[in-house]
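Report on the structure given below.
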């Protein structure tokens, strides 16, 4: 799956010449925490709600409301934004986006194509894609099966399932210890008792069964 398939295209943006109150209003109005900062069609930075709160005077300040409003109205987004943010291409894989976010401890990436901002992708988008990839919400049965980590195992397992006319909707492999792996198989059937019996007769071990109805 590519970033372009899960990103939010044409996101809300702000100019570096706009003021802090203007950026805050956009975030509040649209219930967002981060804004790409764009000038002349090019991404120049990112500003977050945390950035705005950091420059806002605390409630304990001696400034009057009028003074606070004046100070904030004179502070430009370009003064507080994070410059040269980490970006990703729309043609990159979602795994690349996840690794970038994880390694850099960030929850948001601007998506840039030939220098132009074309979208954003967030950690929530990655989570949704992970759930979709594993088919966790799909109707049917999910079997978690322990297998020996060796060639031919996947073929043997899927052959058993195929004999019962079931369609495999999703499959994932989790590497374990002692040359063991756990294979999670999503099947479009609830009648899996005989299939499970055959799987275990072939030496596999069913660790967990989940049915979504």
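In a residue-by-residue description of segment 9-20, the property of being touching a helix residue (DSSP H, G or I) at 6+ places or on another chain (Cβ under 9 Å), closer than 22 Å to residue 123 by Cα and surrounded by fewer than 16 Cβ atoms within 10 Å (Cβ to Cβ) applies to at least one position.
Looking across 31, 10, 40, one residue alone is out of contact with any strand residue (DSSP E or B) (no Cβ under 6 Å at 6 or more places or on another chain), touching a residue at least 12 places away in the same chain (Cβ under 8 Å), in the same structural domain as residue 91 (by TED's automatic domain parsing) and on the phi > 0 side of the Ramachandran plot. It is 10. Taking the listed residues 106, 120, the one that is modelled with pLDDT of 90 or more, assigned to a strand (DSSP E or B) and over 20 Å from residue 201 (Cβ atoms) is 120, with no other qualifying.
Here residue 171 fulfils each of the conditions (1) without any contact (Cβ under 8 Å) to a residue 60 or more places away in the chain; (2) in the same structural domain as residue 38 (by TED's automatic domain parsing) apart from (2).
As a summary of the residue check, residue 75 satisfies the conditions (1) touching a strand residue (DSSP E or B) at 6+ places or on another chain (Cβ under 7 Å); (2) at pLDDT 95 or above except for the one numbered (2).
Out of curiosity, is residue 156 over 30 Å from residue 48 (Cα atoms), loosely packed, with under 11 Cβ neighbours inside 10 Å, touching a residue at least 24 places away in the same chain (Cβ under 8 Å) and over 25 Å from the mean Cα position of the chain (by Cα)? Judged against the criteria, residue 156 is not a match.
The values are calculated or read from the model by the stated rules, or taken from the named source; none is laboratory data. All values derive from a computational prediction rather than experimental measurement. Using ideal geometry, Cβ is built from the backbone for each residue, glycine included, and neighbour counts are taken over all protein chains shown.
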